[in-house]
1. In degrees, nearest 10, range 0 to 90: what is the angle between the Cα axis of helix 240-268 and the longest Cα principal axis of the chain?
2. For an R0 of 35 angstrom, estimate the FRET efficiency from the Cβ-Cβ distance between residue 39 and residue 129 and round to the nearest 0.05.
3. The stretch 12-41: which GluC sites (Glu not before Pro) are DSSP loop and have at most 15 other beta-carbon atoms within 10 angstrom?
4. Between residue 82 and residue 54, what FRET efficiency comes out of the Förster formula 1/(1 + (r/R0)^6) with R0 = 35 Å and r the beta carbon distance, rounded to 0.05?
5. Once R0 is set to 35 Å, what does the formula 1/(1 + (r/R0)^6) return for the Cβ-Cβ distance between residue 99 and residue 171, expressed as a FRET efficiency to the nearest 0.05?
6. Taking the 0 to 90 degree range and rounding to the nearest ten, how far is the long axis of helix 122-139 tilted relative to the main principal axis of the chain, both from C-alpha atoms?
7. Please state the relative contact order of the stretch 176-227 as a whole percent: Cα pairs under 8 Å, 6+ residues apart?
8. What's the longest bit of the chain with no exposed trypsin sites (Lys or Arg not before Pro), using DSSP loop states and at most 14 other Cβ atoms within 10 Å as the test?
Amino acid sequence: MTTDIVSVTPGASPLILSMPHPGTGLPEEVAAALTERGRQVEDTDWHMRQLYAFAEHLQPSIVEAGLSRYVIDVNRDPSGVSLYPGQATTELVPTTTFDGEPIWLMPPDEAEIARRRRAYFQPYHDALAAEVARVKAAHGFCLLWDCHSIKSVIPRLFPGTLPTLNLGTNSGASCAPEVGKAAEAALGQTGFSHVANGRFKGGWITRHYGQPAEHVHGIQMEIALSAYLSEEAPPWRFDAPKAGKLQAALASIIEAALDAATKLERSHS
Ligand SMILES: [Zn+2]
């Protein structure tokens, strides 16, 4: 079982793909504290690297977490503040599955959470921040695309069935308006059910790094797993024919956002 905290593949373009939740790695001491169900790491963003293989022609940088979000969630505010106050969500160190099932035999205390923040949270963000700085130095700006997927039916988190494509720009704050509009226009053309800034508005990564005044345009894409898996259940099998149509849609949205960001940033320089 891998315990790589983060892997970085530097690219030649202004596009960075951040993948905070595809990891299934569990450090030994964390695995020992999890329930049998917790060790199944069911709330993983499955096959993210395979899904985004289509983006190779865009020469993105890829920053990918290797550890499970159950160890510590690198897409949550490290201070512990909720992403969605007043709504059900999962915490910096989740205490349950999305469905509400307990995952710990021994829930981590504050000291243990602080240790995981230093040991596992910080390295992901050191790597991502370094990549953002490198890409900005090379191109003057970057498009940070935060890649996610989730089961389309989770009654504890949202009613009914989630749209296939859920675009989040922190309600417009994480990227320039031109970039957000271009992405939303492309989103509307895909033929998939979709929403912008609906249940998922962008997690901590989108909100923290997405600073258009600093020439960093952050967009989160939350995808219903049903769009590229055989079923939303173990063994979480990737369905390549199904994924093809989704990949074409994702390419069109990313390209539209990248074009808009490039035009905008060139007009500034
Ligand atoms: Zn995710």
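1. 50 degrees
2. My answer for the efficiency is 0.70.
3. 36
4. 0.55
5. 0.80
6. That helix lies at roughly 10 degrees to the long axis.
7. On the way: 27 pairs, mean separation 15.3, N = 52.
Across the stretch 176-227, relative contact order equals 29 percent.
8. Details: sites that count: 37, 156, 237.
With a cap of 14 other Cβ atoms within 10 Å, the longest stretch comes to 38-155.
All of the numbers you see were taken from the coordinates with simple rules; none came from a lab. Note that the structure is predicted; figures quoted are calculated from it, not measured. Virtual Cβ from ideal backbone geometry, glycine too; neighbours counted across all protein chains shown.
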